[in-house]
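The block underneath contains the structure these notes are about, expressed in structure tokens.
The values are calculated or read from the model by the stated rules, or taken from the named source; none is laboratory data. This is a predicted model, so every value here is computed, not measured. Quick reminder, even Gly has a Cβ in these numbers, built from the backbone with ideal geometry, and neighbours come from all protein chains shown.
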Amino acid sequence: MKKLVFMFVAMAAMTFAACTEEKKAAEEAAKDATEQVEETAQEATEKVEEAAEAAAETATEAAQDAKEAVEEAAQDAKEAVEEAAK
């Protein structure tokens, strides 16, 4: 009878140990997944910021080009008016 009790106690201990190891493995997997998500989010943020900076630079250049074109057209119009007034 004692042997049966020891056997059941040993089985319970092995079950408890196995569950504890599974829990540790699950916690480690969750930690790894969280780190991966954070890393991916950081990389995505950096790429979005780079794209935004590039877009802002392109918009600034386009605005400058448009300003120069308008100024040139205004100068041409002024010269045409002055020529017509002569």
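Would you be able to say whether some residue in region 57-72 is outside any helix (DSSP H, G or I) and either at negative phi or hydrophobic (A, V, I, L, M, F, W, C) (or both)? Among the residues of region 57-72, not one is outside any helix (DSSP H, G or I) and either at negative phi or hydrophobic (A, V, I, L, M, F, W, C) (or both), which makes the answer no.
Here is a yes/no grid of residues against (1) modelled with pLDDT of 90 or more; (2) among the hydroxyl-bearing types (Ser, Thr, Tyr); (3) touching a Cys at 6+ places or on another chain (Cβ under 7 Å):
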| site | (1), (2), (3) |
| --- | --- |
| 12 | no, no, no |
| 17 | no, no, no |
| 36 | yes, no, no |
| 57 | yes, no, no |
| 60 | yes, yes, no |
| 63 | yes, no, no |
| 66 | yes, no, no |
| 76 | yes, no, no |
